[in-house]
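Asker: Take a look at the following structure, please.
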Amino acid sequence: MRIRGPVAPMLAAMVEEIPAGEALAFEPKWDGFRVQVWVDAEGGVELYSRTRTRLTGFFPETVAAVGRHVPAGTVLDGELVHWSPAGRLDFEVLRQRLNLGPRRAAEHARRHPVTVAVFDVLETADEGDLRGRPLAERRAVLERLLAGVPGTDLVVLTPQTTDRGEAELWLEVLPAQGIEGLVIKPLAGAYRSGARGWMKIKHRRETPVIVGGYTGPVTAPTGLVIGRYFDDGVLRVVGRTSAPPADLRDELRAELEARSPAPPDHPWPELLSPGWGPGRRAPIPYERVEPTLVAQVSVDIAEDRGRRWRHAARLLELRTDLTPADVPTGLRIE
């Protein structure tokens, strides 16, 4: 049996701690673009996104590397990543690439080459569709498939361990390289397209932020719009939170109402740009408030990554004992 076209990738559900029990494999959770790699019977290479959008033309250097090392008739699952000169993953380079045409993408590729970190194999020419086989067997096939690839090339095999202690160490030390956390996979598990049969755990740190607005009704906000002052003295939006916990609802309502309406000199626009909402194409409405309320949140990865946190923060508590002057500047975690 052969896979006839790009399939929905297998997904991971968020967990708060490494589970015990069944035999598990642990892998780094890359901060990049999920990608399905297709090498057809003639050796032609195609790259597809998580939504099965064709990405081939945006990453010519990666396509060339796959063509050099991956046999015809192979389908792989992995992540496109970019390593900065400082040895950290840089997601912004990938985002920039998607805004370029073919000629500019080729120029960008020479300066900022993108690697595909491969973590699964769905099909080979010799064995056909492997998705029904256990992960342990698919991993053995993948290791044989990529055994001859130089470590310096743009096709790499994702590290994997079955040692829980080593995985816990990875979770602590790898975020310094921009790696988000761990993906946890049952060794006996099949590859189930579209199912959340894997688990993921992210490295998180707590930090205070300034609340400058909220989405949804004040009685039950769907999220807070949070900010930080930067070294130039400007208060900027750095992220949004997920829905606040129910036990904070009354306190949060009182604090938001006390800071409404927003003062005329509020530094943020009346609508958030579409980029602040997953999959949004239109500006996002929200209510601004006087930016004097401080909240404690939990965010992914402690490193400074520019001017925003891409993933939603979790609201932990309101810090009425702090003022905006007590909040670190930029994305610093102290």
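The values are calculated or read from the model by the stated rules, or taken from the named source; none is laboratory data. All figures in this text were calculated on a predicted structure; none of them were measured in a lab. For neighbour counting, all protein chains shown are included, and Cβ atoms are generated from backbone atoms with ideal geometry for every residue, glycine included.
Asker: Which is surrounded by fewer than 20 Cβ atoms within 10 Å (Cβ to Cβ), touching a Phe, Trp or Tyr at 6+ places or on another chain (Cβ under 9 Å) and not aromatic (Phe, Trp, Tyr), of Gly178, Gly216?
Answerer: Unique residue meeting the criteria: Gly216.
Asker: Would you point out the residue of segment 240-289, among those that are closer than 17 Å to Arg314 by Cβ and polar (S, T, N, Q), that is surrounded by the fewest Cβ atoms within 10 Å (Cβ to Cβ)?
Answerer: Per the stated criteria, the residue is Ser242.
Asker: Further question on the same structure: Please go through segment 28-45 and give me each residue that is within 23 Å of Arg104 (Cα to Cα) and surrounded by fewer than 18 Cβ atoms within 10 Å (Cβ to Cβ), ordered by number.
Answerer: Arg34, Gly44, listed by residue number.
Asker: Let me ask something else. Go through segment 104-135 and give me each residue that's closer than 19 Å to Pro6 by Cβ, within 26 Å of the chain's Cα centre (by Cα) and not in a loop (DSSP other than H, G, I, E, B).
Answerer: Val116, Ala117, Val118, Phe119, Asp120, Val121, Leu122, Glu123, listed by residue number.
Asker: Only one of Arg68, Arg2 is part of a loop (DSSP other than H, G, I, E, B) and basic (Lys, Arg); which?
Answerer: Arg2
Asker: Being over 17 Å from Leu154 (Cβ atoms), surrounded by 20 or more Cβ atoms within 10 Å (Cβ to Cβ) and of a type in the set (A, V, I, L, M, F, W, C) is the filter here, so list the residues in segment 104-136 that pass it.
Answerer: Val121, Leu122, Leu130, Leu135
Asker: Scan segment 113-157 for residues that are closer than 19 Å to Gly194 by Cβ and small (Gly, Ala, Ser) and report the count.
Answerer: Summing the residues that are closer than 19 Å to Gly194 by Cβ and small (Gly, Ala, Ser) in segment 113-157 gives 1.
Asker: Would you pick out the residues in segment 51-103 that are surrounded by fewer than 19 Cβ atoms within 10 Å (Cβ to Cβ), more than 19 Å from the chain's Cα centre (by Cα) and hydrophobic (A, V, I, L, M, F, W, C)?
Answerer: Correct list: Ala64, Ala72, Ala86, Leu100.
Asker: Out of (1) in a loop (DSSP other than H, G, I, E, B); (2) at pLDDT below 95; (3) outside the structural domain of Phe33 (by TED's automatic domain parsing), the odd one out for Ile179 is which?
Answerer: (3)
Asker: Could you check how many residues of segment 191-220 are of a type in the set (Val, Ile, Thr), over 24 Å from Ala176 (Cα atoms) and part of a strand (DSSP E or B)? Spell out the reasoning first.
Answerer: Looking only at segment 191-220, we keep the residues that are of a type in the set (Val, Ile, Thr), and these are 201, 207, 209-211, 215, 218-219.
Now drop any that are not over 24 Å from Ala176 (Cα atoms), which leaves 210-211, 215, 218-219.
Among the residues that remain, those that are also part of a strand (DSSP E or B) are: 210-211, 215.
So the count comes out to 3.
Asker: Only one of these is free of Cβ contacts under 8 Å to residues at least 40 places away in the same chain and touching a helix residue (DSSP H, G or I) at 6+ places or on another chain (Cβ under 9 Å): Pro159, Pro113, Pro150. Name it. Lay out the reasoning, then the answer.
Answerer: On the way: Pro159 fails: free of Cβ contacts under 8 Å to residues at least 40 places away in the same chain; Pro113 fails: free of Cβ contacts under 8 Å to residues at least 40 places away in the same chain.
Of Pro159, Pro113, Pro150, the one residue that is free of Cβ contacts under 8 Å to residues at least 40 places away in the same chain and touching a helix residue (DSSP H, G or I) at 6+ places or on another chain (Cβ under 9 Å) is Pro150.
Asker: Scanning segment 21-50 for residues that are in a loop (DSSP other than H, G, I, E, B), touching a residue at least 60 places away in the same chain (Cβ under 8 Å) and over 19 Å from the mean Cα position of the chain (by Cα), which turns out farthest from Gln177 (Cα to Cα)?
Answerer: Of everything passing the filter in segment 21-50, Ala41 is farthest from Gln177 (Cα to Cα).
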